[in-house]
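Data first, discussion second: the structure below is written as structure tokens.
The values are calculated or read from the model by the stated rules, or taken from the named source; none is laboratory data. These figures come from a predicted structure and were not determined experimentally. Here the Cβ positions follow ideal geometry from the backbone for every residue, glycine too, while neighbour counts run over all protein chains shown.
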Amino acid sequence: MLGGCGRFRGGSEGSSARHLPQGDFVPPGSDIEQALRNTVMKQLQPADGNSVDTPPQDARLVYSRPYYFKEAIVYPRGLENIEVEINPSDSITEPYTAIVRLDKVIFTTDVKRKKQLAEADTNFRRLTGVSTLFYTFKNGRWTNSGSRFEASKTEEYAQGSWVPVREKEVQTFSQGKEQEGILGRIWSSVFGK
């Protein structure tokens, strides 16, 4: 579940961080929107051969210290169907900012401490939502300055179909324990009274 969270993005095995390739230089007078689209196409590599209907067979192993998990990404509408919004800015060094939105499906396994357990894990969750990428135009190139993924639904594969993930129950203290205070609860948990 945490694989889709930006906090747990670390990179693949052997690297401590995942860096996106920088965009190509855009000569003055060129179409900056097309240059941005080319940069996005270059930076986002979809998992080829994966369908949004079945769990992936070729998910990559991701290491985000100290955890391992498997992940595959699918862009259901393709990279050609992205929404681009370019805005001029007041900055001389960064004259444009851009927001790119596209549909995205992330298949991810639960995080594991042991690499072997993560490699053997085939229980994927499917997170469906919209990915928002932020770019700045600096030194004649489009540079990624951040991203955000908002999942609209989370599902797990059970008995041949995707079903919504049930939220785990939240434990609450009974009324007597709540009034007891923190020291009383610690005393009770240590000595069993």
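Would you mind stating whether ARG113 is at negative phi, touching a residue at least 24 places away in the same chain (Cβ under 8 Å), exposed (fewer than 12 other Cβ atoms within 10 Å of the Cβ) and over 18 Å from the mean Cα position of the chain (by Cα)? Give the steps one after another, and end with the answer.
Numbers: at negative phi: yes; touching a residue at least 24 places away in the same chain (Cβ under 8 Å): yes; exposed (fewer than 12 other Cβ atoms within 10 Å of the Cβ): yes; over 18 Å from the mean Cα position of the chain (by Cα): yes.
Yes; evaluated as a whole, the condition is true for this residue.
Take segment 146-165 and flag every residue that is of a type outside the set (A, V, I, L, M) and free of Cβ contacts under 8 Å to residues at least 12 places away in the same chain. Steps first, answer last, please.
To start, the set of residues in segment 146-165 that are of a type outside the set (A, V, I, L, M) comprises 146-150, 152-157, 159-162, 164.
Within segment 146-165, GLN159, GLY160, SER161, PRO164 meet the criteria.
For segment 49-96, give me each residue that is surrounded by fewer than 17 Cβ atoms within 10 Å (Cβ to Cβ), among the hydroxyl-bearing types (Ser, Thr, Tyr) and more than 30 Å from ASN123 (Cα to Cα).
SER89, SER91, THR93
Is there a residue being modelled with pLDDT under 55, part of a loop (DSSP other than H, G, I, E, B) and surrounded by 14 or more Cβ atoms within 10 Å (Cβ to Cβ) anywhere in segment 10-25? Can you show your working first?
Filtering segment 10-25 down to residues modelled with pLDDT under 55 leaves 10-18.
Then drop every residue that is not part of a loop (DSSP other than H, G, I, E, B), which leaves 10-11, 13-18.
Retained after the next criterion (residues that are surrounded by 14 or more Cβ atoms within 10 Å (Cβ to Cβ)): 10-11.
Yes, segment 10-25 contains a residue that is modelled with pLDDT under 55, part of a loop (DSSP other than H, G, I, E, B) and surrounded by 14 or more Cβ atoms within 10 Å (Cβ to Cβ).
Tell me, which residue of segment 50-97 that is of a type in the set (A, V, I, L, M) and part of a strand (DSSP E or B) is farthest from GLU33 (Cα to Cα)?
Top of the filtered list is LEU61.
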